[in-house]
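Q: Dumping the structure here so I can ask a few things about it.
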Amino acid sequence: MLGFSHSSLSNLLFWATQKKWLLITIVVGFLLFLLPAPDGLSIEGYRIIIIVITALMMIITEPIPLPAVAIYILVFEVIFGINDADGIAHSFMNDAVFFIMGSLMLSVAIIKQGWDKRIALGIINLTGHKTKNIVFGFTAISALLSSFIGEHTVAALMLPIGMTLIRFTSEDKEKVRGLSAVLLFAIAYGALVGSIGTPSGGGRNVIMMSYFQDFGLSISYLEWMIKVYPLVLIQIPIISWVLINSFTPEYDHLDTAVRKLKVQVAKSPEMTGRNTVAAFIFLMVFLGWVFLSETYGLGTIALFGVFLYLVAGYVKWEDLNKNTHWGVILLFGATISLGSNIKGTGAALWLANQVVYFFGSIMDSFPFAMDAIIVIMTTTLANVLSSSATVAVLGPITLNLGDNSLHLGLVTAIASAFGYFTAVAAPACTIVYSSGLVGAKDFLKVGWKAGVISMILLVIYANTYWLIIN
Amino acid sequence: MKILIAIASKEYSGPTLRVGMQIAKALNASTTIVDVAEKASKFNAKVVGLVQERMDSWEFDRPGIDILEWAFNFLAENKYISPTLVEEGFPKNTLIEMEGNRSEVFLKGTICKDVQLILRTGDIIAELRDEVKLGKYDVTIIGGSGKRRMAHDLIQYIDSSIFIVNQFDPNQKYRILLAVDDSTGTKGAVKFGIRVAQAFNIEVDILTVSKIDKFGSGYKSAAKRAGKFMTRAGIKFENIYRVGDPAEVIKNEAGDNHIIIMGASSKNPIMKFIKGSKPLKVMEDCKCPILIVK
């Protein structure tokens, strides 16, 4: 055909099959580009919305590497005249990007310290041998830790502990399917629950804090904790209960497994001075976040922690370089630039007006409807996209939805952590999924319950507790 | 001859591995067994890699190793690898990470020079296609999946003959159903048919199907030539002529007690993509193993 060999045609078809979502994205983008901008929206605003739609399509379907999506965003922001090259470069980097970079590197440094065996011993000493108590302990410890060190770090530290308990209970995976599910979901969901508790619990929280600043609002680390942490504490027992009632663990007690785990942990080296100093550095970082973040920024403090780990020789640059996902950092920079330009071009306000136009009557008729709409929108997007990217894109829109932007922004940031439904959205879920002991169906089976309960709880909580403390 | 056997799980890949190794033994073929594991989303790939490093310190294997170990045990039990290796057990520590998504371990074979175990991560079709290109395999052996898209992609994009071990029953006494016509693919199919029939000592039904109530000279001579090759190779065979839709007739004649062998379509890839092909239609819902020769 036209001088092409069967082999080259087959290669072309294969490429097209593999890249079908890229081709669909190009077609969608081109068609949108040909359409006129809607009334009330500037041409720049319309074009930034085209970039958002096409970039989201590519982030969700992954037809090209993530850094390529980031470069696409930056290049087209300049080509479409959203801002000049310097303006786009400026919008790309802020403290939130520093924080994401710093927290990813801190995560590598912490995981490399091998604290998982100490944590294992701590959990078992606290919870005892009863399966129900261990599930509650896993959920609680994952939640409490992830509030401070990030959900993916916690999931990485906790997964080997959970899997060791499962292996020591039975080598036959089929005989411990319920136990595997309940323990691994306790880790993943616990980490998600806790990640909302403090600004440093996840990049999404810091992105929202940077948007608050753009809107002339401010919330300190402690104020965030006072507003949000009670929700973490309420969710821990509820999520544990949901897990225990969704999967039936095959064993009520894990006596043998706990005993074997203690023996294994006892064989590991004692806590050394090096471990103590490493923990002390992290404590310093945490205190810096609590007391100094308003002056120095969360990102700078996180990077200072990385600096200390490097200077002390507790982590090698080669390890940081190998295990830090630079492409994701680039992409978060690009999505933050998108968010900034959605606001700058007036697209955020226009989109917010559309939401109000469509849902106005519901909002007038039902109290809390605005929160419910934000929660549904954010949770949906967070389950197919990354939670940080969700906040980066939706944040400027939801902050424009009403007068109480702080309330709306916090609801958005919290709802973006409800990535319970799929294995791909939240890093903690992907990590436990990578064990091969839980499947995509398990996520759906329990995810909808955990998701719906958390969504309802958030709407009630935001409209009761926040009113009381205000 | 080089054979690639694709396995996916202990639960479903038993027949594929058994049949694949029987064919490898019969044809004295150099054999590679590959498992393609699921890859983490690009967002979380690094952190999942870091977690797997951490799992090593707790003596956990990464996903996919257990399947290779199961394949190793199968090879050991059936004496397909050298007794020294069997005594030493599965050599996890010799699994070498190659570029990209590929790790491999070499085992000294008994039926051929070596048996290679490969672990890949990613999309199954893309990884198999890459492996076939890399190893220049003659046949890829894989279990039936029941997914139309998968069947289509295997035929369309894997650059080797494809043997789908579909609904294989070890207690069944199979015959070969060799579908012939005037296409260029028939010659290769006949050659393969003879090798398989000789290796397993089974009889062959040579099937010629015409859409109209008349068999053209091309069809007749193809059937005659196939018969001549069978006679020369000392294989018992029977010539069958049928009229009807070729894909339907082949499926009906095959039933569940034949191994279908047919040539790949010689249509250009774009036409096959749009309109499908005879082998694809047969493969989609036949109830027996099928070998499509490229």
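The values are calculated or read from the model by the stated rules, or taken from the named source; none is laboratory data. Since we're looking at a predicted model, the values are computed, not measured. Quick reminder, even Gly has a Cβ in these numbers, built from the backbone with ideal geometry, and neighbours come from all protein chains shown. SASA here: full protein model, heavy atoms, side chains in, ligands and nucleic acids out. Shrake-Rupley method; radii C 1.70, N 1.55, O 1.52, S 1.80 Å.
Q: Kirkwood Rh over alpha-carbon pairs of the protein assembly as shown, then Stokes-Einstein at 20 °C and 1.002 mPa s: what D in µm² s⁻¹, rounded to an integer?
A: Values: Rh = 29.1 Å.
Rounded, D is 74 µm²/s.
Q: Right, something else. With everything on Cα atoms, drop me the angle between helix B:45-57 and the longest principal axis of chain B, reported from 0 to 90° to the nearest 10.
A: 60 degrees
Q: What aspartates and glutamates sit close enough to A:K112 to cross-link, taking a C-alpha to C-alpha distance under 17 Å and skipping anything fewer than 8 places away on the same chain?
A: A:E151, A:E270, A:E318, A:D319, B:E53, B:D56, B:E59
Q: Right, something else. Heads up, I need the accessible area for A:W21: 1.4 angstrom probe, whole protein in place, Å², nearest 10.
A: Surface open to solvent at A:W21 totals about 110 Å².
Q: Could you state the angle between the C-alpha long axis of helix B:217-233 and the longest principal axis of the C-alpha atoms of chain B, as a value from 0 to 90 degrees rounded to the nearest 10?
A: Tilt of helix B:217-233: around 60 degrees.
Q: Could you check how many percent of all C-alpha pairs in the stretch A:92-469 are farther apart than 32 Å?
A: On the way: 22694 of 71253 pairs.
Value for the stretch A:92-469: 32 percent of Cα pairs lie more than 32 Å apart.
Q: OK, next. Say R0 is 41 Å: what FRET efficiency, to the nearest 0.05, do A:R274 and B:D130 get from their beta-carbon distance?
A: 0.40
Q: Sort B:E87, B:E131, B:E69 by heavy-atom solvent-accessible area, probe 1.4 angstrom, most to least.
A: B:E87, B:E69, B:E131
Q: If only Cα atoms are counted, what is the Rg of chain B, and what is its Dmax, in Å?
A: 20.5, 71
Q: Loop sites only, by DSSP: take the GluC sites (Glu not before Pro) in chain A that have at most 16 other C-beta atoms within 10 Å and name the longest stretch containing none of them.
A: A:271-470
Q: Further question on the same structure: Compute the separation of the alpha-carbon centres of the stretch B:122-166 and the stretch B:1-58 and state it in Å as a whole number.
A: The two parts, judged by their Cα centres, are 13 Å apart.
Q: Share of antiparallel DSSP beta bridges in the stretch B:175-293, in percent to the nearest 5? Display every interim value, and only then the final one.
A: Details: 0 of 21 bridges.
In the stretch B:175-293, approximately 0 percent of DSSP beta bridges are antiparallel ones.
Q: For the stretch B:2-165, what mean projected area does the convex hull of the alpha carbons give, in nm²?
A: Working: hull surface 38.9 nm².
Taking a quarter of the hull surface, the average projection is 9.7 nm².
Q: On to the next question. How far, in degrees from 0 to 90, does helix B:185-200 lean away from the longest principal axis of the Cα atoms of chain B, to the nearest 10?
A: 70 degrees
Q: Hey, another quick one. Hey, any idea what the orientation-averaged projected area of the convex hull of the stretch A:97-180's Cα atoms comes to, in nm²?
A: 6.0 nm²
Q: If you roll a 1.4 Å probe over the heavy atoms of the protein chains, what accessible area per residue do you get for the stretch A:92-469, in Å²? It would help to have the intermediate numbers written out before the result.
A: Values: 14000 Å² over 378 residues.
Heavy-atom SASA per residue in the stretch A:92-469 reads 37 Å².
Q: Cα-based Rg (one decimal) and Dmax (whole number) for the stretch B:133-279, in Å?
A: My reading of the Cα-based Rg and Dmax gives 15.2, 46 Å.
Q: Related question: Long-range amide H contacts for B:G143: which residues qualify at under 5 Å (H placed 1.01 Å from N, peptide plane, sequence gap of 5 or more or a different chain)?
A: Hits under the 5 Å cutoff: B:V165.
Q: Spelling out what I want: for every residue of the stretch A:13-26, take phi, set θ = phi - 60°, compute 6.51 cos²θ - 1.76 cosθ + 1.60 (Karplus), and round to whole Hz; glycine and proline get x.
A: Result, ordered by residue: 5, 5, 4, 5, 5, 5, 10, 4, 6, 5, 5, 4, 4, 4 Hz.
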